[in-house]
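The numbers here are math on the coordinates, done by the rules we state, and not lab data. All values reported here derive from a predicted model rather than from experimental measurement. Counting neighbours? That spans all protein chains shown, and the Cβs are built from the backbone with ideal geometry, glycine included.
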Amino acid sequence: MSRLTKSLLLVFSVLFVDQFVKVLVKTNMYLGQEFSVIGDWFLIHFVENNGMAFGIEFAGEYGKIFLSLFRIVAVIGIGWYLFKLIKKEEVPMGFIACIALILAGAIGNIIDSAVYGLIFNESYGQVAQFLPAEGGYSSFLHGKVVDMLYFPLFSGRYPGWLPFIGGNDFLFFRPVFNIADSAITIGIFSILLFYRQLFSKLDGTELESEDESETASQQES
């Protein structure tokens, strides 16, 4: 199996699982509904957001359009970079897999933003319908991202002597996220942990190749 085939298989596998879970949640749960998977620390909790990964918001209607367009441009750039890496035999498959995970996660959330507003109605107080007769809840690029993975591992209270937050309650881990967010996070952290030096090595290899080509042409002349 070629490196290109492996990369595409990884991207489409992540996309399939991400969209399957999102559609399953969207068509079987109403907004805010939750159920336990493992005790009180792993829940399926249905929320939607207009913003970035882990529910971070990007303000306003124009902010939403800007974010969606930025994601599309980013996906094109990441896809081009991934294809370029695949052709370099010196690049390990592990690093290529990390980039493929980031690409798959970005595409997964773009799908929500681009088309979910067109193909589903609202989930507030009801279970959404797929392709409702009255139309979707929003327009193209204005859909909401579906999140459902929730890990409230532990809670407590900050010590009173801490400035600003002393005495306040805290919950770890508070954000609700999805499979696409997880793929992006795993890809980025894997690069930081295992492949930080690869960028400089790649640059060095390219520079060395250019120097060798220049030297060879000079010798021929």
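For a footprinting-style exposure proxy, rank Arg157, Arg71 by other Cβ within 10 Å, fewest first. Before the final figure, lay out each step's value.
Numbers: Arg157 11, Arg71 18.
Arranged by neighbour count, lowest to highest, Arg157, Arg71 become Arg157, Arg71.
Within the set of other residues whose C-beta is less than 15 Å from the C-beta of Val115, count the net charge using Lys and Arg as +1 and Asp and Glu as -1.
Details: positive: Lys22, Lys26, Lys64, Arg71, Lys144; negative: Asp18, Glu48, Asp112.
Neighbour charge sum, excluding Val115 itself: +2.
To make sure I understand the rule: partners must be lysines, Cα under 26 Å from the Cα of Lys84, and not fewer than 8 residues away in the same chain. Which ones qualify?
Partners found: Lys6, Lys201.
So how far apart, in nm, are the two label points at Phe66 and Phe42 if each is 7 Å from Cα heading toward Cβ?
3.9 nm
Could you calculate the FRET efficiency of Val17 with Ile186 from 1/(1 + (r/R0)^6), where r is the beta carbon distance between them and R0 is 22 Å, rounded to 0.05?
On the way: r = 13 Å, r/R0 = 0.59.
The computed FRET efficiency comes out at 0.95.
Can you tell me the FRET efficiency between Met1 and Glu90 if r is taken as the Cβ-Cβ distance and R0 is 22 Å, rounded to the nearest 0.05? Walk me through the numbers before you get to the answer.
Numbers: r = 19 Å, r/R0 = 0.88.
Taking R0 as 22 Å, the efficiency between Met1 and Glu90 is 0.70.
Place a point 7 Å from the Cα of Gln129 along the Cα-to-Cβ direction; which residues of segment 11-33 have their backbone N under 20 Å from it?
Label zone hits: 23-31.
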